[in-house]
Amino acid sequence: MCASCGEIGSRLCTRCQSKIKFIGGNRCKICGEPMPDGRTTCAACRNKPPTYTAVINLAVYEGVIRDCIHSLKYANNPGLGEFFSDWLDELVNDAGWSVDGVMPVPLGAQRLAERGYNQAASIAKPLALRLGVRYLPFGIERVRDTPSQVGLSGEARRQNVIGAFKANPDLVAGKRILIVDDVMTTGATLEACASALREAGSAEVYGLTLGRFGAHMTTANKSNRSSSIINQSNY
């Protein structure tokens, strides 16, 4: 059943695929923010470079992508992770990233017990298989349960996740790690994960999400997806 419109016979029907607003245009080579002036790095990343190496996002978090993420997150629909792994594999390869392992942003123990699964793992595991690298679900853990980020300001989000994660040096030291989540809003969670991975000795940390919330992105339709991804990810 289509995760957006409910049509029988596909995980995501072609009609709904055509409605996805894939992110295109010139982006900051680090955080992925729109760069309409043609520069390669935004002012925020120039003034205070984030801990992660770079982040890319597949599509704007609205409409069909929002429906898909909700289906992953609340309806335990892991098949969507496999469905999107092909497009995400293309994103990573077009970006020129070379990674040693893929891991999901971990849930806290309480939320994992309530939900019974981690939606980010449904994306990360098939992507690791596509990339032909190790899947590292235990490479990082959430050591402090945090309140939901929904509705928090950017600064409140950053404060909420400071010290919330701890990485396993035995699995990540010296490795180039790709950490995967469903949606990115301010990047606070990915930044906190990257800090933990760096502290454990990771050589590089990349971030990847299906959706990006709230940004005024240049978008492309499905037929132009590959070229727009290359424009976004040519770091």
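Quick note: the coordinates plus some simple rules give every number you see, no bench work behind them. From a predicted model like this one, the values you see are computed outputs, not experimental measurements. Every residue, glycine among them, receives a Cβ derived from its backbone with ideal geometry; neighbour counts consider all protein chains shown.
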Roughly how many nanometres apart are two label points built 7 Å out from the Cα toward the Cβ at F213 and E114?
1.5 nm
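Given Cβ point charges of +1 (Lys, Arg) and -1 (Asp, Glu) and nothing else, what value in debye, to the nearest 20, does the dipole of region 1-153 about its Cα centre take?
Numbers: 18 positive and 14 negative charges, 60 e Å.
Around 280 debye, computed over region 1-153.
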Grab the other residues whose beta carbon is less than 15 angstrom from that of L129, score K and R as +1, D and E as -1, and report the net.
-2
Region 66-113 to region 1-61: how many Å between their Cα centroids?
14 Å
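Starting from region 17-106, pick out the trypsin sites (Lys or Arg not before Pro) whose DSSP state is loop and whose Cβ has at most 12 other Cβ atoms within 10 Å. Mind dumping the intermediate values first?
On the way: sites: K19, K21, R27, K29, R39, R46, R66, K73; in loops: K19, K21, K29, R39.
Answer by residue number: R39.
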Just name one of L131, G32, A43: the one whose Cα is farthest towards the positive end of the charge dipole of region 1-132 (beta-carbon charges, Lys/Arg +1, Asp/Glu -1).
A43
With 0.36 nm assigned to each residue of separation and the Cα-Cα distance removed, A203 to F138 gains 21.6 nm
Model label zone, H70; criterion: amide N under 20 Å from point 7 Å along Cα-to-beta-carbon; scope region 1-44:
1-22
Between I140 and residues 5 or more places away or on another chain, which pairs have amide H atoms under 5 Å apart, with H built 1.01 Å from N, and which residues are they?
N168
Two-site label geometry, D37 and E7: point separation in nm, points 7 Å out along Cα→Cβ:
4.3 nm
